[in-house]
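Single-structure report; data block below.
The values are calculated or read from the model by the stated rules, or taken from the named source; none is laboratory data. No experiment lies behind these values; they were computed from the predicted model shown. Because the Cβ atoms are built from the backbone with ideal geometry, glycine has one as well, and the counts that use them run over all protein chains shown.
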Amino acid sequence: MKRIAPVLLSVLVLLTSSAVADTTLAKFKGGIGVIPVSNGQGTAATATVVTRNIVRGVQPAGQPWVIRDLDAKVKTDGTIRVKGRGLLLAGSNNIGTNAGASVFATLICETAAPFTERNTTLTGVPLAPDGDFEIDDILSPAPGACTSPVLLIRNAGNLAWFAAGIPDLD
C-alpha cells in the first residue's frame, strides 16, 4: 500500500502537467478544395475579366480540386501533422486523378500583407492514387502567435494552393 501512493501521486502529477502544458497553436478539421477563379465579369459567354482566387498572396491551382477530409494540428514549436483524404482534380481531362502531384503545407497567420509563409519541406509528399497524404514535419519559420490561421495544402511543383483547412475552434 505504501508503494502505491507515490506511484498514484506521480501519475496524477504527470496527467495534470500534460493537461496544463497544451502546446496546440491551431487545429483544422475538414477541408475546402480550390476553385481557381473567384468571379468573372462581362456579358459574353466567356468572361472578359476574371479574378483569381488568391489566398493571402498564394496563387490558386489552374483547375478545381476537391478534398474529402483533412485533419491537422499545429504546435507552438512549429510541429505540424496533417492527414488528408481524397485530394483530387475536379476538372480537365485528368478529372478524378491526383495528377502525379506532391504536396506541402503552409500556415499563414497574418490577415494583411506582408504575409509570412510558414512551410513544411517544399519537396512535399506524394499524393496516393486516391488523393490521400500525410505530412509530419516542422514549419519553417516556426510560428509565434497565430490569431488568424490559414492552412493551405500546396503543389510542390508550382507552389499553387490545392486545398485549405477549416479552422477547428473547439
Counting only strands (runs of 3 or more DSSP E) entirely within segment 102-170, those with at least 3 residues that are more than 19 Å from LEU87 (Cα to Cα) and among the aliphatic types (A, V, I, L, M) are none
Filter segment 116-170 down to the residues that are among the β-branched types (Val, Ile, Thr) and touching a Gly at 6+ places or on another chain (Cβ under 9 Å), then identify the one that is surrounded by the most Cβ atoms within 10 Å (Cβ to Cβ). ILE153
Leading residue by the ranking (nearest to LYS75 (Cα to Cα)) among those in segment 26-42 that are in a strand (DSSP E or B) and at pLDDT 95 or above: ALA26
Qualifying residues in segment 51-107 (those that are in contact with a strand residue (DSSP E or B) (Cβ under 6 Å, 6 or more places away or on another chain), small (Gly, Ala, Ser) and on the phi > 0 side of the Ramachandran plot) - the one surrounded by the fewest Cβ atoms within 10 Å (Cβ to Cβ): GLY96
Residues being of a type outside the set (D, E, K, R) and part of a loop (DSSP other than H, G, I, E, B): count how many of those fall in segment 43-67. 15
